[in-house]
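The structure under discussion appears below in the form of structure tokens.
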């Protein structure tokens with residue numbers, strides 16, 4: 001629905017909407033308060049039981065895997081085994097505290113979101129759904145969270161440890177000669193990076209405050225962005241009021257990250273076997289942060305700070321992990337790259353849905369009833385959710401088979417962190433799929449398991465229809481892993 005044109009029409013629409021919105025907000029808040037405690041209790045007790053119940057097994061199998069792995073040398077194994085109890089204690093504390101906080105947030109926000117979503121366009125029996133939506137679905141969702149958490153702690157943990165224990169590859173050992181220089185470099189990195197990065201963040205904070213407010217008020221006046229959907233209006237309005245706190249949090253986050261950014265000099269010294277490269281990194285890390293923050297704030301590119309070479313091989317990035325690479329705009333200073341457009345990606349998705357949809361119809365997996373339901377108000381989970389999720393899953397499987405870092409589309413276009421569209425939506429979209437792709441890669445699925453997983457995603461776990469798609473894997477553990485992957489594919 002198009003927003004009203006003109007100041008008076010917009011003002012009258014706002015006045016009429018205000019009591020309606022306040023009523024929904026109060027109802028959602030009451031439902032959130034009612035369900036907050038029981039949902040928190042379910043998730044806390046469930047996740048805590050999993051953590052504490054599996055703790056002896058985790059302790060034993062972790063020590064066993066570390067001692068028997070061929071990737072670590074004897075001195076490194078000894079050091080890891082000495083410090084492992086600290087990690088296990090932190091795992092228990094973080095897991096239980098995270099379950100409590102996650103249960104509170106999920107139990108409070110899920111009924112509130114469902115209350116606003118109940119009055120969306122095309123909904124029937126709105127009055128009943130305002131009270132019912134977000135109640136039983138939230139309870140079922142909390143049990144699903146506990147079940148997925150159990151699958152991760154049992155099956156994913158076991159698969160990771162088995163891979164660590166059986167994998168042959170690069171041999172790692174402690175080189176005592178470079179431990180002291182690495183420690184000195186870490187201290188120097190902290191002493192230099194903490195005050196300098198804090199100063200850079202403090203100087204850029206006014207620009208972030210003004211730019212954020214300008215963008216939010218622009219969306220508010222034009223009913224665009226987060227203010228376009230009714231369910232998002234209260235939280236987008238709250239963002240305007242709390243934006244200064246977000247800026248303060250960004251400054252504090254930069255100050256905290258500077259500790260790890262400076263301490264990474266120890267890793268550079270140890271990896272490159274050179275104290276000089278560690279000192280060069282300390283200087284270059286300031287330029288890295290300056291360019292990264294400039295890119296996030298969409299300021300003019302580049303940095304006035306020097307950036308000396310701190311790796312023996314010039315093509316190596318700041319970190320070997322793709323999740324902590326320099327931002328895409330830094331790469332664009334030296335290398336040409338292809339920027340993908342949102343409409344192009346959506347058009348590609350529609351074509352994929354058409355191709356796979358026709359194939360599924362010919363195979364009888366998508367029936368005429370599914371198509372008729374999709375055309376009606378009732379909707380069809382198979383067509384509306386299962387088919388797009390199936391297309392995304394095929395892209396992930398294609399990327400795993402091709403051993404690509406990003407997501408490989410059918411036309412051989414690869415979506416990565418450097419060429420993705422600049423919209424914030426694609427940040428939320430890309431990262432979960434990259435994580436899911438790595439989880440699929442770790443499972444090392446056979447062709448039969450990939451086919452079963454695809455049908456499981458397409459049919460949205462419909463037990464009655466899954467009986468006719470072929471035999472599931474014989475291993476109960478593998479079936480649980482495929483069920484968990486299917487649920488994550490549909491949620492993403």
Worksheet, complete the sentence: Among helices (runs of 4 or more DSSP H) entirely inside segment 321-384, those with 1 or more residues being under 29 Å from the mean Cα position of the chain (by Cα) and modelled with pLDDT under 80 are 328-331, 342-363
Worksheet item: Exactly one of (1) under 30 Å from the mean Cα position of the chain (by Cα); (2) in contact (Cβ under 8 Å) with a residue 60 or more places away in the chain; (3) surrounded by fewer than 18 Cβ atoms within 10 Å (Cβ to Cβ); (4) under 19 Å from residue 158 (Cα atoms) is unmet by residue 62. Its number?
Response: (3)
Discussion item. Consider segment 449-492. How many of its residues are under 22 Å from the mean Cα position of the chain (by Cα), outside any helix (DSSP H, G or I) and modelled with pLDDT under 75?
Written reply: 1
Item to complete: Only one of these is under 30 Å from residue 184 (Cβ atoms), at pLDDT 85 or above and in a helix (DSSP H, G or I): 245, 261, 209. Name it.
Response: 261
Worksheet item: Which number in (1) closer than 24 Å to residue 439 by Cβ; (2) in a helix (DSSP H, G or I) marks the one condition that residue 60 misses?
Response: (1)
Worksheet entry | Residue among 109, 52, 76 that is surrounded by fewer than 18 Cβ atoms within 10 Å (Cβ to Cβ), part of a helix (DSSP H, G or I), in contact with a strand residue (DSSP E or B) (Cβ under 8 Å, 6 or more places away or on another chain) and in contact (Cβ under 8 Å) with a residue 24 or more places away in the chain | 76
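The values are calculated or read from the model by the stated rules, or taken from the named source; none is laboratory data. All figures in this text were calculated on a predicted structure; none of them were measured in a lab. As a convention, Cβ positions derive from the backbone with ideal geometry for all residues, glycine included, and neighbour counts pool all protein chains shown.
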